[in-house]
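*Asks:* Before I ask anything, let me first share the structure, which is written out below as C-alpha cells.
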Amino acid sequence: MIDLRSDTVTRPGESMRAAMARAEVGDDVYGEDPTVRRLEERVAELLGHEAALFTPTGSMANVLAVGLVVAPGQEVLCESRAHIARAELGAHGAVSGVTMRTWSHPRGQIDLPVIEDLFAPDLGPFFVRTAAISVENTHNFAGGAVLPIADLQALRAFAYAQDAAVHLDGARVWNAHVATGVPFEEYGAAADVVGVCLSKGLGAPAGSLVVGSAALMAEARVRRKRLGGGMRQVGVLAAAGLYALDHHIERLADDHAHARLLAAACGVDPATVDTNIVAFDRPDAAAFVAAAREGACWPAPSEPARCAWSRTLM
Ligand SMILES: *Cc1c(COP(=O)(O)O)cnc(C)c1O
C-alpha cells in the first residue's frame, strides 16, 4: 500500500540511513556538530541569507522565526488557514505573546489590498502594531497552492516601506521551486525570516531550519535552547537533511505528476493541483473510500469533485 495521507508519512531509504550512520557529529549545543553546521550553511546560502539554525520541527522554526520579528503584544498578519494560525496549537500566543489577524483567500494567496487595509502602523498607546506579515509557500491547507513570486515581491516592498518584517513559512518551498523554477534565493530575498522543513516531501525523518540574518540567528539559538530545542549529536539527523537536499529535491517533480494523476482519478481537475497535495470533497466519500480500500475501480463522478480549498484538511 502507498500511504497518501500526508507527505510526512515517509521512511528514510537505505542510502539516507547510510549517510546518517556515517555522519560526523559533535555537541551542537556547543556549536560543535560539523554536519549540523554544514547543513545550516548550505540552507542559508541556498536562500541567500547569512545564517540558519537547525530545529527539531517546523513548528519550532516558525515559533522562533515569528518571535524574532514580532515582540510580545504586537501582531502578525497571515492567511486564515496558515499553519501558524491553525496547526501550531496557539504557540505564537501561548509562548511568544504574539497576536494575529488574518485575511482569507480560497487558495491561500496574498491579497495585498486587504493586507494594506489590515496593516496597523505603530500608533503608540492606542493600537496593536503590525510587526510582520507571514505567508506560506506552498500553502498546505489551500491544497499545496504556490504563491507567485511577483506577489511575494510586492508584499516584501510594501512591508519594507512600512518597516515591517516578512516571515515565509517555507515548509514546502522546495515544492514551490520545483513547480515554478523560481530560484530559492528569490524566495529568500522576499522574506526577512524563513522556516523550511526537511521532513515533508524531502523525506528526512526529522528536522527543520529557521533562516535569516546572523544577528537574528544568534538570538534564535538562545531562544531555541530556552524552548528545549538544543540538541546534542544531532548531525545524524542533519546528515539525512543534507542527503535529502542532494537527492530528493528534483524528485519532487515526480510527486507533483503523481498528485495530478491522483487528482484525475478522483475527479478533481488536475490543473487545480499546483504541487503534491490533493484535497477534495465527494458527496459519495464513504463509498469511494470503501471501493479504494478494496482496490476497486470507481467511476468518475458525473460532476467534477468539488475542491476542498475551503476545508481545513491536514
Ligand atoms: C508541517 C508544516 C510545518 C511544521 O510542522 P512540524 O510538524 O512541526 O514539523 C510548518 N508549516 C507548514 C506549512 C507545514 O505544512
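The values are calculated or read from the model by the stated rules, or taken from the named source; none is laboratory data. Keep in mind that what you see is a predicted model, and the values were worked out from it rather than measured. Positions of Cβ are generated from backbone atoms using ideal geometry, with glycine treated the same way; all protein chains shown enter the neighbour counts.
*Asks:* If I filter segment 134-166 down to residues being touching a Cys at 6+ places or on another chain (Cβ under 8 Å) and not aliphatic (A, V, I, L, M), which single residue comes out as farthest from residue 74 (Cα to Cα)?
*Replies:* So the residue we want is 143.
*Asks:* Can you work out which of the residues in segment 60-97 that are touching a residue at least 40 places away in the same chain (Cβ under 8 Å), more than 20 Å from residue 207 (Cα to Cα) and out of contact with any strand residue (DSSP E or B) (no Cβ under 9 Å at 6 or more places or on another chain) is nearest to the ligand (Cβ to nearest atom)?
*Replies:* 86
*Asks:* Could you tell me whether segment 5-15 includes any residue that is among the aliphatic types (A, V, I, L, M), over 17 Å from residue 218 (Cα atoms), under 25 Å from the mean Cα position of the chain (by Cα) and within 16 Å of the ligand (Cβ to nearest atom)?
*Replies:* Yes, segment 5-15 has at least one match.
*Asks:* So, one more: In the set 215, 204, which member is within 11 Å of the ligand (Cβ to nearest atom), of a type in the set (A, V, I, L, M, F, W, C) and not assigned by TED's automatic domain parsing to the domain that holds residue 273? Please lay out each step first, then the result.
*Replies:* Values: 215 fails: within 11 Å of the ligand (Cβ to nearest atom).
The conditions single out 204.
*Asks:* Further question: Within segment 98-116, can you find the residues that are over 16 Å from residue 161 (Cα atoms), more than 16 Å from the ligand (Cβ to nearest atom) and not β-branched (Val, Ile, Thr)?
*Replies:* Result: 101, 103, 104, 106, 111.
*Asks:* Separate question: Looking at segment 117-140, which of its residues are away from the ligand (no atom under 14 Å from the Cβ) and assigned to a loop (DSSP other than H, G, I, E, B)?
*Replies:* First, the residues of segment 117-140 that are away from the ligand (no atom under 14 Å from the Cβ): 117-133.
Those that are away from the ligand (no atom under 14 Å from the Cβ) and assigned to a loop (DSSP other than H, G, I, E, B): 119, 120, 121, 122, 123, 124, 125, 126, 127, 128, 129.
*Asks:* Is it the case that segment 174-182 has a residue that's surrounded by 23 or more Cβ atoms within 10 Å (Cβ to Cβ), more than 30 Å from residue 10 (Cα to Cα), in contact (Cβ under 8 Å) with a residue 40 or more places away in the chain and in the same structural domain as residue 77 (by TED's automatic domain parsing)?
*Replies:* No, that holds for no residue.
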